[in-house]
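Have a look at the structure below, then the notes.
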Amino acid sequence: MATTPTVFIVDDDPAARRSVELLVAPMGIVAEAFSSAEKLLERIDAHCRGCIITDVRMLGMSGVELQDELTKLKIELPVIVITAYGDVPMVVRAMKAGAATFLEKPCRDEELWDAIRGALRRDEECQFRRQQEQDLDHRLAQLTEKEHCVMQLLLQGKAHKVIASQLDISIRTVEVRRSRILKKMNVATLVELSQIVARRELQNEST
């Protein structure tokens with residue numbers, strides 16, 4: 001699957017699909033159009049980047065059902081939902097399913113373009129955050145079990161002497177492991193280390 005940011009357009013109306021393609025083409029953005037949600041799901045996966053523009057009422061799977069399926073597949077692309085039949089319950093369900101924006105037909109080109117730019121920016125931010133998480137997980141995986149033990153005690157604020165006594169090792173060994181931990185984690189101080197580890201733990205709790 002391509003990782004180039006792409007606007008995925010899903011609408012069973014050929015004219016509607018074409019109008020969106022014509023809107024994004026001058027902006028230099030790649031666009032792919034699909035006549036159904038089912039066809040889109042055959043094309044994309046969790047590695048795709050960009051955003052999805054979908055109508056709500058379509059033959060086969062609806063736009064909101066598409067959002068539910070994307071969630072099951074762990075595809076986190078921002079979704080712009082467009083419909084001529086919008087009502088409050090539909091808006092609520094679309095937003096709860098994770099829609100980035102909800103627009104009613106007919107929407108102005110400027111309005112849709114703003115929504116697309118916002119969705120692409122949101123996806124870029126999510127990609128950057130996920131890359132940071134992956135980098136941190138990779139660094140944590142480089143630590144040995146013994147280094148993990150020392151790191152946890154250091155993050156608890158324990159002095160080297162206390163750690164040495166608790167683990168039955170020398171203070172020098174604690175110092176050496178501390179140095180290796182900071183190097184592998186690519187940080188200069190324990191404060192930096194505590195910040196990134198705490199942030200990752202919060203991210204794990206939220207997923």
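The values are calculated or read from the model by the stated rules, or taken from the named source; none is laboratory data. Quantities reported herein were computed from a predicted structural model and do not represent experimental measurements. When we count neighbours, we look across all protein chains shown, and the Cβ atoms used for this are built from the backbone with ideal geometry, even at glycine.
Values as computed for the structure displayed
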{"quantity": "Set 137, 123: member being within 26 Å of residue 47 (Cβ to Cβ), touching a Lys or Arg at 6+ places or on another chain (Cβ under 8 Å), surrounded by 17 or more Cβ atoms within 10 Å (Cβ to Cβ) and not β-branched (Val, Ile, Thr)", "calculated": "123"}
{"quantity": "Among the residues listed as 130, 178, the single one being at pLDDT 95 or above and not in a loop (DSSP other than H, G, I, E, B)", "calculated": "178"}
{"quantity": "Condition met for residue 103 (in contact (Cβ under 8 Å) with a residue 12 or more places away in the chain and not in a helix (DSSP H, G or I))", "calculated": "yes"}
{"quantity": "Candidates 165, 170 - the one that is surrounded by 13 or more Cβ atoms within 10 Å (Cβ to Cβ) and outside the structural domain of residue 46 (by TED's automatic domain parsing)", "calculated": "165"}
